[in-house]
Structure formats: structure tokens, C-alpha cells
């Protein structure tokens, strides 16, 4: 199972107001290359290096708190559209 975070796509730009790629938001091509390199090595992985850093910090937060935070962001974005 892959654990992706944001990838610079048209869908993400509409949902999360992300206009282009950056250090922590790869292009679809960059994410695909990183994903292909990880096939067959791990059961669960975060293939893009910057996402691995973000995920390492996110894992330090208790799941219920992280879920609440993600849900609140989603609801705010949903209500603003």
C-alpha cells in the first residue's frame, strides 16, 4: 500500500488550492518514478522522499488527533466552495 500525500495535479489544485509542484509536492511524473522504484520492497511505503519526511512526523501524532485535523481541513475546504 502506498501512502501518498499531495501530488501536483489538476484535481489537487481545485481541492487544496495547490497551483504547482514544490519541494513537498511532486509532479505526477516525479511521484510515479519514485513509486516504481519502491515496487516489491515494502508492504507499506511512502515512495516520494519528501512525503517520507512528512509522514515520519505525522506518525508521531496520535491517530484520532491526526484524523480530526485532516477532517477539519476537508470540511473547511468543502464549505468554502
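The values are calculated or read from the model by the stated rules, or taken from the named source; none is laboratory data. Quick caveat: nothing in here was measured; it's all calculated off a predicted structure. Note: ideal-geometry Cβ built from the backbone for every residue, glycine included; neighbour counts use all protein chains shown.
I'd like to check which helices (runs of 4 or more DSSP H) are fully inside the chain and have at least 2 residues that are exposed (fewer than 13 other Cβ atoms within 10 Å of the Cβ) and at pLDDT 80 or above.
Details: elements: 10-16, 28-38, 49-58, 63-80.
Hits in the chain: 28-38, 49-58, 63-80.
Taking each residue of the stretch 43-72 that is on the phi < 0 side of the Ramachandran plot and touching a residue at least 12 places away in the same chain (Cβ under 8 Å) and looking for partners that are assigned to a loop (DSSP other than H, G, I, E, B) and loosely packed, with under 10 Cβ neighbours inside 10 Å with beta-carbon atoms closer than 9 Å, six or more apart or interchain, yields 43/1; 44/1; 45/1; 50/23.
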